[in-house]
Structures are given as structure tokens and as C-alpha cells.
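Participant: Before I ask anything, let me first share the structure, which is written out below as C-alpha cells.
The values are calculated or read from the model by the stated rules, or taken from the named source; none is laboratory data. What you see is a predicted model, and the numbers here were worked out from it, not measured in a lab. Here Cβ is always computed from backbone atoms with ideal geometry, including for glycine, and neighbour counts include all displayed protein chains. Heavy atoms of the whole protein, side chains included, go into the accessibility calculation; ligands, DNA and RNA do not. Shrake-Rupley method; radii C 1.70, N 1.55, O 1.52, S 1.80 Å.
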Amino acid sequence: RLNSNARVLDEIICNLLDFSRIESGVLDVHREPVGVKELVDSVLHRLGALLADHAVTAEVPHDLVVEADPMLLDRVLENLVANACRHTPRGTKVTVEAHGSSDGVEIRVADGGPGIPEHELARLGERFFRGGDLNSRKARGTGLGLALVTEVLKLHGTTLDVDSEVGRGSVFSFRLAASAARAAHSG
């Protein structure tokens, strides 16, 4: 429990420091080619203990490369995958997908969990907002994860899209520019 609580405190402190950097304008985005498959594999490996009770799959082609800040994109993906597992029952299917097209790369984190009520969707991404019933909520958190995701994606010139239906699950997705390195990498 001590290690778990220390991780929670570390996450809170990191999120608050990142918000402080964003607001003061000192959080710079250092764009470079980022292999999406490698990033997804790294995040899933690091979150292994959290993902153990879920059916997690990754469907990401090896040749997808985006222009992004690798550390910030890692934080985005980590938050989305962790949320998918924290807010769904054990055994729930969670899928991380990426697809390339002529206008960029879409990255999606989907779950087959309880879904999010429509009246809460508009508030996702607000700092400290935590949906659900306060008295029956099992997942801990501060409501900063999706707010950080939203801010980091803004810095990358994109937005977080959420599609959710109560009883059917949720899909969190965003688009990034494909890297010129994609063509060189794939052939």
C-alpha cells in the first residue's frame, strides 16, 4: 500500500508541475519522429501491473511514425490507458489502436466498460473533474489526468475526442501529423 500511495502522490505532483509549466509557458514541445508501436509497447509494459486484470490488446502497425514530443506523448498515452483500466471492471477489454491515413495518424484507446453519461462528457478535460457518483466511485484520482491530456494535445495542435455510451464503453482518440520519417521507415 505504501508503494501504491507513493505512486499516486508522484502522479499528482508530476501533473501539478506540468500544469505549472504549461501556464507559465516554459513547457516546450520538442517535436521529433516517434514510432507509435514502440511507444505503445513501452507504455503497456510499464503499466503491466495495472493492466494485469484486463484484456489489453494493441493493434498498431510497425511503420507508423508521428511528429510529437516523445515524453509528452508518452504521458498522454499513459493517462488514457491507465484511465481505461482504472474506470472499468476487471476483465474488461481495452484496446490501443493506431491507423494512418493521408491526413495523419489516429491513436485510439477503447474500452468495453460502463461508459460515461452524456451530461459528463462535456466536462471531461476540466481540471479536478471526476465523473460518476462520489459515494460509489472505486477509482482514486484527482481529476487531473484528462485535463493534462487535453492541454498536451493542444500544445501539439490537436484535440481529444471522446465517444462514449453508457453500457457500451468509451473511445478516447486524437490525431497527430505523420512524420516524414514514416515513408523512409516503411520502405
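Participant: Once amide H atoms are built 1.01 Å from N in the peptide plane, which residues 5 or more positions from ALA58, or in another chain, come under 5 Å H to H?
Facilitator: VAL96
Participant: How would you order 85-98, 145-158 from highest to lowest mean count of nearby Cβ atoms within 10 Å?
Facilitator: 145-158, 85-98
Participant: Further question on the same structure: So what are the ³J(HN,Hα) numbers for region 150-160, from phi and the Karplus equation (6.51, -1.76, 1.60; θ = phi - 60°), rounded to whole Hz, Gly and Pro as x?
Facilitator: 4, 5, 5, 5, 4, 4, 8, x, 9, 10, 8
Participant: OK, next. Per the 1.4 Å probe, what fraction of the accessible area of region 27-83, in percent, lies on carbon and sulfur atoms?
Facilitator: On the way: 1450 of 2610 Å².
Using a 1.4 Å probe with all protein chains present, region 27-83 comes out at 56 percent carbon and sulfur.
Participant: Note down the Stokes-Einstein diffusion coefficient of region 7-99 in µm²/s, whole number, using a Kirkwood radius over alpha carbon pairs, 4 °C, and 1.567 mPa s.
Facilitator: Translational diffusion coefficient: 90 µm²/s.
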